[in-house]
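The values are calculated or read from the model by the stated rules, or taken from the named source; none is laboratory data. Computed from a predicted model, the values in this text were never measured in an experiment. Cβ placement follows ideal geometry from the backbone for every residue including glycine, while neighbour counts extend to all protein chains displayed. Accessible surface is based on the protein model in full, side chains and every heavy atom, while ligands, DNA and RNA are left aside. Shrake-Rupley method; radii C 1.70, N 1.55, O 1.52, S 1.80 Å.
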Amino acid sequence: MSFSSGMSRRKFLATASVSAAGAVFLKGCAQPTSTTSTSSSPTSPAPGPVTAGDTPEVTSAVLGYIPIVESAPLIIAKQKGFFEKYGMPDVQVAKQANWAGARDNVTIGSKGGGIDGGQWQMPMAHLITEGAITLNNQKVPMALLCQLNTQGNGIAVAALHTGKGLGVKINDPDYIKGFEATNGRKFKAAHTFPNVNQDFWIRYWFAASGVNPDTDIELLAVPPAETVQGMRNGTMDAFSTGDPWPYRIVSEDIGFMSALTAEIWPYHPEEYLAMRADWVEANPKATKAILKAVMEAQQWCDDPANREELVKICAGREFFNTTTEILTPPYKGAYKMGDGKPDFNDFNKGPLYWKDPNGNSISYPYKSHDLWFITESMRWGFHKNVFSDFDAAKRIIDQVNREDLWREAAQEAGFTADIPSSTSRGVETFFDGITFDPENPQAYLDSQKIKAA
Ligand code: CA
């Protein structure tokens, strides 16, 4: 058998068994005869999983994850044998109690009983690097390796607000702004960790309709279970949340979905894989082996034919510990929105992992997306001493973002057709017509009417 093009090899991999026998077969079959070159071009045979000179320095690493759809590529890389295939059979995926726990565990590293890296909201890797969110402001340099997913998140609102026109656009912002005058308390909204994705998504949603999230409402970090309980008993009004919570919120009549993040910003950056920079520096080949395994898992995850198995694996007790009934709809892009809004039934509105329908990479960590998260941090006055200006932003991004390793790993694994040509995805457009041009982030800040003083 020959692997005369990247396409035929990918097709082969997609149908090959990942059983031990299949992996051995692949390894023997695709081993290049030359021991000097590990690069590949569309015309040369694609290299095998572990080519000569690419043997990882270590076979293990501990990667933390949070049991939400963002973590699927890590779980699949483990359970489908992709870490093993690329020479890292002892990688552990370790469930984290919450984001603060993951942060604390990466601060101590696996040598201290913690983790070497894993799944993060943005820009947690940059903030941990700068010591902005760690105990005693300890700086733990991090390496951002790939994006794990896009979409799969949204804004849930309690059932008590049914019929008030709270869609992706809030028809009557005065209903929320005037809530305190009529109810004796401010409209209360939650996310799971301050100054990262879910905080940004709900702030964007409020502000796009003229509600100032810092002054018109009460916005705070609350664990998901408490937030859902609050929405049930009438003490919590809105929640910036991710799958599989949206399905439960609507199906259990706790509330409705005002917006999916896929509506706010189609194919937006979501969560990322990042590891301690000292681990990456000490183990560059192992880092790329992890990346190759995750990339292959992401391609596997986006094959509709694999989604049923994905759901079965991730719903398992040791992972999300939920039911396949709860996890299946988001993986089909099937969202009941509630409150009279039309349902979604579109694969491309749910979580995606490898490539979006516009042909852009999801896995590749575009530096332009790091810049949006830092620009949005500047918009709201988060970590002003760290994200002081765009020069500081550029310096931090150039230190933390290791898109160079992503490119090398993709090249070595034969995923050459999917390597982006630029570190920028270009101009981004939000549902309200606002654009973010990574070449001119100040213009984006100037265009936002609601922002921190
Ligand atoms: Ca998320």
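Within the range 231-248, the set of residues being buried (at least 21 other Cβ atoms within 10 Å of the Cβ) and more than 15 Å from the ligand (Cβ to nearest atom) comprises 231, 236, 237, 238.
Any idea which residue in the range 175-192 is nearest to the chain's Cα centre (by Cα), counting only those that are in a loop (DSSP other than H, G, I, E, B) and crowded, with 19+ Cβ neighbours inside 10 Å?
Ranking the qualifying residues of the range 175-192, first place goes to 192.
Candidates 415, 430, 373: the one that is surrounded by 15 or more Cβ atoms within 10 Å (Cβ to Cβ) and over 19 Å from residue 265 (Cβ atoms) is 415. The residues in the range 376-412 that are of a type outside the set (A, V, I, L, M) and open to solvent by 40 Å² or more (accessible area, probe 1.4 Å) can be counted, and the count is 15. Would you call residue 172 more than 30 Å from the chain's Cα centre (by Cα) and either among the acidic types (Asp, Glu) or on the phi > 0 side of the Ramachandran plot (or both)? Here the answer is yes, as residue 172 does meet what is asked. Would you check if residue 210 is surrounded by fewer than 17 Cβ atoms within 10 Å (Cβ to Cβ) and either within 15 Å of the ligand (Cβ to nearest atom) or on the phi > 0 side of the Ramachandran plot (or both)? Yes, satisfied.
From the list 40, 44, the one residue that fits, being part of a loop (DSSP other than H, G, I, E, B), among the hydroxyl-bearing types (Ser, Thr, Tyr), buried (at least 20 other Cβ atoms within 10 Å of the Cβ) and at pLDDT below 95, is 40. Among the conditions (1) of a type outside the set (Val, Ile, Thr); (2) open to solvent by less than 70 Å² (accessible area, probe 1.4 Å); (3) over 19 Å from the mean Cα position of the chain (by Cα); (4) closer than 16 Å to residue 355 by Cα, residue 441 misses just one, which is (4).
If you go through the range 347-369 and pick out every residue that is under 16 Å from residue 429 (Cα atoms) and touching a helix residue (DSSP H, G or I) at 6+ places or on another chain (Cβ under 6 Å), you end up with 1.
Here is a yes/no grid of residues against (1) of a type in the set (S, T, N, Q); (2) within 16 Å of the ligand (Cβ to nearest atom); (3) farther than 22 Å from residue 363 by Cα:
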site	(1), (2), (3)
62	no, no, no
70	no, yes, no
73	no, yes, no
81	no, no, no
87	no, no, no
92	yes, no, no
102	no, yes, no
109	no, no, yes
